[in-house]
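This report concerns only the one structure given below.
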Amino acid sequence: MSEAATTLLGLNPTPVPSPLPSVNTKLLEADALEGAPVRRKSFSERTWGPMAAGSQRGSVLALASTAFGGSMVTLPWVFATLGGPLTVLLVLLAGIANYASMWLLINLSFATDCQDYGEAMAAALGKRAAGFLDICIGLYAWGAIAGALVLLQGFGPILTKELGFPHWLQGPRQTVFMIVISSLPLLLTRSLTSLRYPMAASVAGVLTIGVVVLWGLRTRPGELLEMTDLPWSWWVDPRMTSWEAVPQGIAMIISSYNCHISIFSAKRDLKTPTPTRMNKVLMRATSLQWLFYSCIAVAGGISLGPPCPTAATGLGVPHWCSPVNMLSAPEFGGWECLMCRLFMSFALWLALPINLHAARSILERRLLPNSGSSRQTSVVVHVILTLALLASGVIFGLIFHDLASLMSIFGGGFATTFMFAMPIAATWSFTSKGDGATPFGSSKQASVAVAIVFPFLVVGYLSAALTLWHRLAAVVS
């Protein structure tokens, strides 16, 4: 998304009007100083030069790295199911909605002068809204643990077989237990500050997967047409069995853009976090995600073929079809694809402590609601919470194998809530006062942003409701 397109939508952040008493005037003064004559760095300096602390590039990568993860391996299945043109359009529209919702959140942070998502919600909507936000983020983090294990079961047996593991270690459950046991020391720690470099390596590995998928365009599409009777334009038309695949696919796309939890930390880490600088960070992070996801969806879908049944996983995936988990496709072979599975295994290994820490910190904060930051739960309580969250996530991940349904429920339900519903509610709270003193520049700009975000909110909830309905109907029958 270019800055011209953003201006056309009316979404350029503006300094917070002076009637708001909580406005940080120093930030507004710094924003005004940005117009002072300074030497403009060249493109190569801004792109490849040293990345200083508090730089815009650092904040862009922080947001993008939060979003890059296991959700991307489902995009080729979405491409094959909904058809290429519709998928590319939806990835673009979801990116615009993602930018608009982050824009609403970051303006909320300037309006309330809060440095935390929960604090901002409490200031805008009250303590109950902050508690509801905690519930949504906690359940999503717990669901991400289960989702990581479901993803791992999809390609784990293939990976262990390629690595020459003994036969009794090549099953999906064995793979899960190896990953869980090896990550247990990190799961029990109270801080993840030591994981900065492993997290950077994980992001580099995920980006490498994208490069490998693009590299496969040299040969795989031609092999697909030779081995099947598909026409060259097979990917243009949708191949869904019911209309419910549309909201399900959109929920997967929404989940892939999820980086809202890190917005406030990105603002804190940015040197001179003025509205203009933050707007650039949001636009560039969203553009980077859009480009990466579009390449993964198109290259993966064209290379693998029509959609596989959603239940196909692991060694049971048929040849020349796009599974929900791209890494479980038999055609995704060779030493470079072996490295991709190793990179994703490492990313999922890191995802376990990251998501468990997020869910556990919410529970610990609720157990000590009036304590200061120096207070901590006892070692016994800490261990019990860790093991309870881990055990329940492992059990759920081993029982619930349907990755598409899992992403529809947790991505379309809980992620949609803190990505879209909460920013919209906070916007409504400010603009409904009618005094013109809103952090959104004008009620018209706020209405445009909400109008962009709202359809994806509805579709996300629709996907979660339909999936839950079918699951409950199956249990009852």
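Structure above, values below:
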{"item": "Per-residue ³J(HN,Hα) for segment 385-400, Karplus 6.51 cos²θ - 1.76 cosθ + 1.60, θ = phi - 60°, Hz, x for Gly and Pro", "result": "4, 4, 5, 5, 5, 5, 4, 5, x, 5, 4, 5, x, 6, 8, 9"}
{"item": "At R0 = 22 Å, FRET efficiency that the Cβ-Cβ distance of residue 236 and residue 215 yields, to 0.05", "result": "0.40"}
{"item": "Segment 252-258 - phi-based ³J(HN,Hα) in whole Hz, Karplus 6.51/-1.76/1.60, Gly and Pro as x", "result": "5, 5, 4, 4, 5, 8, 5"}
{"item": "Pairwise centroid distance, computed over Cα atoms, of segment 382-401 with segment 269-296, Å", "result": "34"}
{"item": "With DNA, RNA and ligands ignored, accessible area of residue 361 (1.4 Å probe; Å², nearest 10)", "result": "50"}
{"item": "Rounded Å value of the spacing that divides the Cα centres of segment 194-268 and segment 88-157", "result": "20"}
{"item": "Residues of segment 290-354: accessible area per residue with a 1.4 Å probe, Å²", "result": "32"}
{"item": "FRET E, pair residue 181, residue 380, Förster distance 35 Å, beta-carbon r, rounded to 0.05", "result": "0.95"}
{"item": "Residue 458-residue 161 pseudo-label distance in nm [points 7 Å out on the Cα-to-Cβ vector]", "result": "4.6"}
{"item": "Heavy-atom accessible area order for 134, 269, 229, largest first, 1.4 Å probe", "result": "229, 269, 134"}
{"item": "Gain in span if fully extended, residue 366 to residue 261, counting 0.36 nm per residue against the direct Cα distance", "result": "36.0 nm"}
{"item": "Theoretical gain in end-to-end length, residue 228 to residue 57 [0.36 nm per residue, Cα-Cα removed]", "result": "57.1 nm"}
{"item": "Gained length - residue 471 relative to residue 448, 0.36 nm times residue gap less alpha-carbon distance", "result": "4.7 nm"}
{"item": "Cα→Cβ-extended label distance, 7 Å offset, between residue 402 and residue 336, nm", "result": "3.6"}
{"item": "Separation of the residue 116 and residue 204 label points, Cα + 7 Å toward Cβ, nm", "result": "3.3"}
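The values are calculated or read from the model by the stated rules, or taken from the named source; none is laboratory data. As the structure is a computational prediction, the values presented were derived from the model and not from experiment. Here Cβ is always computed from backbone atoms with ideal geometry, including for glycine, and neighbour counts include all displayed protein chains. Please note that ligands, DNA and RNA were not included when accessible areas were found on the heavy atoms of the full protein model with its side chains. Shrake-Rupley method; radii C 1.70, N 1.55, O 1.52, S 1.80 Å.
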